[in-house]
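The values are calculated or read from the model by the stated rules, or taken from the named source; none is laboratory data. In this text, all values refer to a predicted model and were calculated from it rather than measured experimentally. Cβ atoms come from the backbone with ideal geometry, glycine included; neighbour counts cover every protein chain shown. Note: accessible area is taken over every heavy atom of the protein model, side chains too, but ligands, DNA and RNA are not part of it. Shrake-Rupley method; radii C 1.70, N 1.55, O 1.52, S 1.80 Å.
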Amino acid sequence: MTDTIEQPVDDTTTRMNMIQAINSAMDVTMARDPAIVVMGEDVGYFGGVFRATAGLQKKYGKTRVFDTPITECGIIGVAVGMGAYGLRPVPEIQFADYIYPALDQLVSEAARLRYRSGGEFTAPLTVRSPFGGGIFGGQTHSQSPEGIFTHVSGVKTVIPSTPYDAKGLLIAAIEDNDPVIFFEPKRIYNGPFNGHWDRPAENWSKHPGGAVPEGYYTIPLGKANVVRAGEAVTMLAYGTMVHVCAQVVADTGVDAEIVDLRTLVPLDIETIEASVKKTGRCMIVHEATRTSGFGAELAALVQERCFYHLEAPVVRVTGFDTPYPHSLEWAYFPGPVRIGQALKKILKD
Amino acid sequence: MPEESDVVDALSNLKPLSLHVPEPKFRPGDAVDFADVEVPAAGSVRRPDTLAPAQDFTDLAYTMVRVLDEDGQAVGPWNPQLSPDRLRRMLRDMAMVRAFDERMFRAQRQGKTSFYMKSLGEEAVAIAAAHALDDEDMCFPSYRQQGLLIARGCPLVDMMNQIYSNTGDKLQGKQLPIMYSEKRFGFFSISGNLTTQYPQAVGWAMASASKGDTRIAATWCGEGSTAEGDFHSALTFATVYRAPVIFNVVNNQWAISSFSGFAGAEATTFAARAIGYGIAGLRVDGNDALAVYAATAWAAERARTNAGPTLIEHFTYRAEGHSTSDDPTQYRSAGEPTAWPLGDPIRRLKDHLIALGEWDEDRQAAMDREVAEAVKTAQKEAEKNGILGHGLHQPLDTLFDGVFEEMPWHLREQRQQMIDEETASGRPWARK
């Protein structure tokens, strides 16, 4: 990776990009628990197409870190069986766009195994998968399918926005005894992305979220993070969009409160409710397509719980209901212009 | 460059295509003749070394391993040479499955439960396999392998409690009847989704191998569901890692109303699916308990010695409907079950024991009475715990248990909503 690694800011903290933080999370947990296995296409000797598993096979051996055939259904089905045996698999689906062949194993099997077996069998999997666009990946390397999984009972959905969060959340996900979908916003693997694709790329070296403890720590699932406190409007976002929101707020000077959800299911409803009741306005920002996206669920929850505090209609800023286009990627992406316009509108209403 | 009109002219000279849509040989009302079903003589198929490379015996995927001949003798290299005691136990287990099926089918018809699936005519497939495997080996069954549980000694009452979704059901009434989960008997939770258990069995077997364990996995699906993508994924994974797993394809000729031709049986055998993967493939007479035992024992030996997976096609016949929800006379000839050339697996094993001088008709009749009585007694016991529809057998809030290890707020809220609704309804079973 091209990221510049700075000196540790203290004895135990290192600058890491998100790939390194994710790698470190698996390394730390694998060292602690011999039941953890990492599997997926190209994850073994090569260390993954994004290098997230680099060095793990060498360190933990081929029976704990191994390449798999190209069958996502098989990867998840095998992981469910390994979980039934007593292992704790961390399968990688190379791109979230490729997760659909595994849907039956995730939705009908992993997510319901505890329920249907009276707790005799569980599926303690953590399915890692890079998601989201902004890398000219076209329609098959850019999708954000989180809304499919938040609709499924029995599975948790986690999306980090910084290297620090990625490591702490991934460790918590791996240790969780329920299946977790862990979507990694690949646009911010190397650095926070402010939405201005035509400006020079940043790396994680100067961002506070790039300071990552080398050892073990967890960030509990189901806890949001208020990344900026404010009074004028609440912005609910996760993954890449947290950083885009932050840039728009910085550029416009609006006193917005930005809530990074971090976990979509289970959702930190208390933090959301407290924030919206305080600001009276709520904007939801996600990169995924709009219709039936997770934003719809958030909008419904906010109006159910905060209706009498709302001073304006809840606004969604999302990707369009089209496939993710290749050349027109930045017209699709909910960037600073779309967010800025929505912000103006919600403050005027 | 040819003119466009030339191309069109050339195309017009081609014969029109036609689409082949398979059709079973017999439909309701047709006279049945299974003369074209090839049944090799018992004992005529060779038995390769369990360590032999799969490509050395691909012919075994196209024939049929049979041990019991027409005179009730066990013959040939696949004869597992079982003790009379073992044979009698297998016979009794098969009789028990049949009696259990009969009773539970009737219970469904009496409105005591919502659903049941019999295994009439296929009892040997699960019973003989269970006898050939170690009790510690892990089974990933489909929905018609109740024989595994019975052979492994699962109390009938526990199975019935599950079927009735009553207070004794440890699955808390959450699963469709017969979708058992019995970890203590090495029996994985049954899914209604087809063949999902195949890659899961491979994963379990890979885990066992990677941990230096000695246990192997076995899994079952029907011939119809070999068409699922999971089947291909599982066989690919299994051959890649030489997983210690046995794949059983129960070819009972019918997938609800679709005959085996809709899974490709017109073109090849299901055992032959193994060949493309480099996996050992065996095709056995599924109504011959000794052939099923021998093939399973062979595959288990192969798996235990790290020589890889085996796919076994059990050629059998589903003598009744798919489940209590379909009427087979609507889609196939009523003459099929009796005309089936491989006979009744229970009668064939009984005849063998009699031929050995180890059994007789009186003892058979006494055994039939004894298993029927055992099932009846278990049923009375189970019905003390309630039957489906007669009241609420589980505390209401168990509905929300087990979605996650710890219940998140949104489920707690929904649980409270349900309790409020039930309290407001004033129904006699409302939670107080």
**Message:** Let me check against my output: what whole-number percent is the relative contact order of chain B, with C-alpha pairs under 8 Å and at least 6 apart?
**Reply:** 23 percent
**Request:** Any chance you could run the full-extension gain for B:Asp397 through B:Val39? It's 0.36 nm times the residue separation minus the Cα-Cα distance, nm to one decimal.
**Result:** 123.3 nm
**Request:** Working from Cα positions, state the angle (0 to 90°, nearest 10) between the long axis of helix A:72-85 and the longest principal axis of chain A.
**Result:** 60 degrees
**Solvent-accessible area lost in complex, 20 Å² minimum, residues of the range B:197-213 relative to chain alone, 1.4 Å** = B:Pro199, B:Gln200, B:Gly203, B:Trp204, B:Met206, B:Ala207, B:Ser210, B:Lys211
**Prompt:** Quick one: Cα centre-to-centre distance for the range A:60-74 and the range A:255-304, in angstrom?
**Reply:** 37 Å
**Item:** Surrounding net charge for A:Gly133, when Lys and Arg each add one and Asp and Glu each subtract one, Cβ distance under 12 Å
**Value:** -1
**Request:** Work out, step by step, the length gained on full extension between B:Arg86 and B:Gln110: first 0.36 nm times the residue separation, then minus their alpha carbon distance; give nm to one decimal.
**Result:** 5.1 nm
**Prompt:** Relative contact order for chain A using alpha-carbon pairs under 8 Å, separation at least 6, rounded to a whole percent?
**Reply:** 16 percent
**Per residue, in Å², the accessible surface of the range A:225-348 once ligands and nucleic acids are set aside, probe 1.4 Å** = 40 Å²
**Prompt:** For the range A:13-213, what is the largest minus smallest coordinate of the Cα atoms on each principal axis, given in angstrom and ordered from greatest to least?
**Reply:** 52, 35, 28
**Prompt:** Tell me, Kirkwood radius of the range B:370-432 from alpha-carbon pair distances, in Å?
**Reply:** 14.3 Å
**Prompt:** Heavy-atom accessible surface, probe 1.4 Å, ligands and DNA/RNA ignored: which residues of the range A:109-134 lose at least 40 Å² versus the isolated chain?
**Reply:** A:Glu109, A:Arg114, A:Tyr115, A:Arg116, A:Glu120, A:Phe121
**Request:** Quote the total accessible area buried by chains B and A together, excluding ligands, DNA and RNA, probe 1.4 Å, nearest 100 Å².
**Result:** 3600 Å²
**Asked** How high is the FRET efficiency between B:Asp213 and B:Ala52 when r is their beta carbon distance and R₀ equals 25 Å, given to the nearest 0.05?
**Response** 0.55
**Two-site FRET efficiency, B:Ala374 against B:Glu413, from Cβ-Cβ distance with R₀ of 35 Å, rounded to 0.05** = 0.15
**Message:** If you average the alpha carbon positions of the range B:354-432 and of the range B:73-149, how far apart do those two centres end up, in angstrom?
**Reply:** 22 Å
**Asked** Between B:Met179, B:Met64, B:Met418, which gets the highest mean-square fluctuation from a Gaussian network model of chain B, Cα cutoff 10 Å?
**Response** B:Met418
**Sequence-distant residues sharing a close amide H with B:Val250 (under 5 Å, placed H)** = B:Cys221, B:Gly222, B:Glu223, B:His314
**Prompt:** Ranked by accessible surface with a 1.4 Å probe, highest first, in what order do B:Asp288, A:Asp33 come?
**Reply:** A:Asp33, B:Asp288
**Message:** Per residue, how large is the accessible surface of the range B:54-389? Use a 1.4 angstrom probe and give square angstrom.
**Reply:** 33 Å²
**Request:** Could you state how much accessible area B:Asp213 has, in square angstrom rounded to the nearest 10, with a 1.4 Å probe and all protein chains kept in place?
**Result:** 50 Å²
**Complete:** If N is the residue count of the range B:54-389, its Cα Rg over 2.2 N^0.38 Å rounds to 0.94
**Message:** Averaged over its residues, how many other protein chain Cβ atoms are within 10 Å of peptide B:166-174's Cβ atoms?
**Reply:** 2
**Asked** If you add up the charges near A:Ser144, with Lys and Arg at +1 and Asp and Glu at -1, over every other residue whose beta carbon is less than 12 angstrom from its beta carbon, what do you get?
**Response** -1
**Asked** Carbon and sulfur together cover what percent of the accessible area of the protein assembly as shown at a 1.4 Å probe radius?
**Response** 51 percent
**Prompt:** Can you give the average number of partner chain beta-carbon atoms within 10 Å of each beta-carbon in peptide A:100-108, as a whole number?
**Reply:** 3
**Request:** Report, as a whole number in µm² per second, the diffusion coefficient that Stokes-Einstein gives for the protein assembly as shown at 25 °C and 0.890 mPa s using the Kirkwood radius over alpha carbon pairs.
**Result:** 85 µm²/s
**Fill in**
In a Gaussian network model of chain B with springs linking alpha carbons closer than 10 Å, the residue among B:Arg103, B:Arg348, B:Arg184 that fluctuates most is B:Arg184
**Complete:** Checked chain A against the a/c 1.5 cut and the a/b vs b/c comparison, axes a ≥ b ≥ c from its Cα gyration tensor; verdict prolate
**Message:** I'd like the Karplus ³J(HN,Hα) series for the range B:39-48: coefficients 6.51, -1.76, 1.60, θ = phi - 60°, whole numbers in Hz, and an x wherever there's a Gly or Pro.
**Reply:** 10, x, 4, 4, x, 8, 9, 6, 10, x
**Item:** Pair A:Ala300, B:Thr167: separation of 7 Å Cα→Cβ label points (nm)
**Value:** 3.7 nm
**Message:** Taking R0 as 60 Å, what FRET efficiency do you get between A:Arg51 and B:Asp360 from their Cβ-Cβ distance, rounded to the nearest 0.05?
**Reply:** 0.25
**Item:** Shape of the range A:181-237, Cα gyration tensor, a/c cut at 1.5
**Value:** oblate
**Asked** Of all GluC sites (Glu not before Pro) in the range A:278-321, which ones are in loop regions per DSSP and have a Cβ with at most 14 other Cβ atoms within 10 Å?
**Response** A:Glu311
**Prompt:** How big is the shadow of the Cα convex hull of the range B:173-220, averaged over all directions, in nm²?
**Reply:** 3.9 nm²
**Message:** Quick check on my link table: of A:Lys62/B:Lys211; A:Lys156/A:Lys278; A:Lys156/A:Lys206; A:Lys223/A:Lys277, which ones sit more than 22 Å apart, alpha carbon to alpha carbon?
**Reply:** A:Lys156/A:Lys278; A:Lys156/A:Lys206
**Asked** Cβ under 13 Å from A:Met30's Cβ, A:Met30 left aside: what net charge do those residues give with Lys, Arg +1 and Asp, Glu -1?
**Response** +2
